[in-house]
1. Looking at (1) open to solvent by 40 Å² or more (accessible area, probe 1.4 Å); (2) under 30 Å from Ala350 (Cβ atoms); (3) of a type outside the set (Val, Ile, Thr); (4) touching a helix residue (DSSP H, G or I) at 6+ places or on another chain (Cβ under 8 Å), which one does His390 not meet, given that it meets all the others?
2. Give me a count of the residues in the stretch 1-52 that are open to solvent by less than 50 Å² (accessible area, probe 1.4 Å), of a type outside the set (Val, Ile, Thr) and not in a loop (DSSP other than H, G, I, E, B).
3. For the stretch 154-171, name all the residues that are over 13 Å from Met51 (Cβ atoms) and among the aromatic types (Phe, Trp, Tyr).
4. Go through the stretch 249-263 residue by residue and tally those that are outside any helix (DSSP H, G or I) and either buried (at least 18 other Cβ atoms within 10 Å of the Cβ) or touching a Leu at 6+ places or on another chain (Cβ under 9 Å) (or both).
5. I'd like to verify a number: residues in the stretch 431-474 that are open to solvent by 100 Å² or more (accessible area, probe 1.4 Å) and in contact with a Leu (Cβ under 9 Å, 6 or more places away or on another chain), how many?
6. May I ask you to list pairs of residues, at least six apart or on different chains, whose Cβ atoms are under 6 Å apart, with the first in the stretch 18-37 being over 17 Å from Tyr158 (Cβ atoms) and the second being hydroxyl-bearing (Ser, Thr, Tyr) and not in a loop (DSSP other than H, G, I, E, B)?
7. So Val229 clears everything in (1) at pLDDT 95 or above; (2) under 23 Å from Val166 (Cα atoms); (3) β-branched (Val, Ile, Thr) except one condition, right? Which one?
8. Which number in (1) assigned to a helix (DSSP H, G or I); (2) crowded, with 23+ Cβ neighbours inside 10 Å marks the one condition that Asn266 misses?
Amino acid sequence: MSSEMEPLLLAWSYFRRRKFQLCADLCTQMLEKSPYDQAAWILKARALTEMIYIDEIDVDQEGIAEMMLDENAIAQVPRPGTSLKLPGTNQTGGPSQAVRPITQAGRPITGFLRPSTQSGRPGTMEQAIRTPRTAYTARPITSSSGRFVRLGTALFEYIFHHENDVKTALDLAALSTEHSQYKDWWWKVQIGKCYYRLGMYREAEKQFKSALKQQEMVDTFLYLAKVYVSLDQPVTALNLFKQGLDKFPGEVTLLCGIARIYGEMNNMSSAAEYYKEVLKQDNTHVEAIACIGSNHFYSDQPEIALRFYRRLLQMGIYNGQLFNNLGLCCFYAQQYDMTLTSFERALSLAENEEEAADVWYNLGHVAVGIGDTNLAHQCFRLALVNNNHHAEAYNNLAVLEMRKGHVEQARALLETASSLAPHMYEPHFNFATISDKIGDLQRSYVAVQKSEAAFPDHVDTQHLIKQLRQHFAML
């Protein structure tokens, strides 16, 4: 029956069913017969774009060059609470660093791997808990994905996404804006996207602001907020999101944007409040459920966290990270019958060695909790077999070695841990403690100062510094 269908109708049917390669191939056959068929050109450009399309609003991969050669800093020493580049400060009364672990960038673990943190394989519900939202997930079609009515717009998206030729896309967008006598907001947004991709943030800001004056759209607010985050102006981004909420009350993407920025600024209590607002509007929002669950876990409420992770399981998310979290919640909520079952499932579902390493590391914690140090030692070793850069496993192995009286092995492990994760205070503090016990006071003092820099409010660190200073005063 399909052979009798009108080719363009069949191609459109393939497109609607997300069979983009078949759609593009059929459009190519049509264009060989009639090269000037605009409908076929538009559909082919859209199909090729959709094959590799990702939501520009969310995904922002920051490379080493951008991090090291950033010339957009407003102040070298920003005031507390006004910069995303200053990790570790917690002035909001939330869970402290002693309870809540931090990432290698020095920010608290949120419970959801966001864009520009770690990449994931998009396209499946199982990946939603750790993958940036893309065109394949449940994000509603927005103005940017709903406007492919003319060949020019489809061509721009093809050049920008498929060919990744930002300069040519910018030229096309500039000509189109000129042709529309600077009255078309959509083309201004596209120019802003090109400027952003080229790292010209101030020019991008002007274009997005101009587009907002002509037509207020949710996407434009999100793009402009991305610019302010790249310029390290989180407070400006927060104010912009709140302006957007005045125009679009209850808009989930704006609420989520505010929650993310609060999370980046270590203001976990405010982040949790906004994630709760997100759930009032959309009670299947994966990121909000995962982050609130994580916040409850680190606030010493594992039973409540368990309810949120079970909710994700009921929604159909079935992956290693989720079972890993369920296993931890069950252990700390004293539901021991489910703990090992969850971790076994997490190991069987782990998609890479880093995930498996995290599961073994948590199993090591369970072993420490039940007093089986030999099992704990094996688990931490297995974590390092799977991921040789697992700083926490090195730290905990060092503690176990120290208990056995193996001082040199412990110090070597701690040196490795502190080099892998300089923002973690535990390796520095443990190294200082061991050095103090064996009388190496100078190295102890250097290490304890690093511990204080990583976590200024750590009571044991302050106590050790005081002891060492008293000892130096007596010499």
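1. (1)
2. Residues in the stretch 1-52 being open to solvent by less than 50 Å² (accessible area, probe 1.4 Å), of a type outside the set (Val, Ile, Thr) and not in a loop (DSSP other than H, G, I, E, B): 21 in total.
3. Phe156, Phe160
4. So the answer is 1.
5. Counting residues in the stretch 431-474 that are open to solvent by 100 Å² or more (accessible area, probe 1.4 Å) and in contact with a Leu (Cβ under 9 Å, 6 or more places away or on another chain) gives 0.
6. From the stretch 18-37, the pairs are Leu22/Tyr14.
7. Looking at each condition in turn, Val229 falls short on (1).
8. The number of the failed condition is (1).
The values are calculated or read from the model by the stated rules, or taken from the named source; none is laboratory data. Predicted model only: the values in this text are computed from it and were never measured. Positions of Cβ are generated from backbone atoms using ideal geometry, with glycine treated the same way; all protein chains shown enter the neighbour counts. Accessible surface is based on the protein model in full, side chains and every heavy atom, while ligands, DNA and RNA are left aside. Shrake-Rupley method; radii C 1.70, N 1.55, O 1.52, S 1.80 Å.
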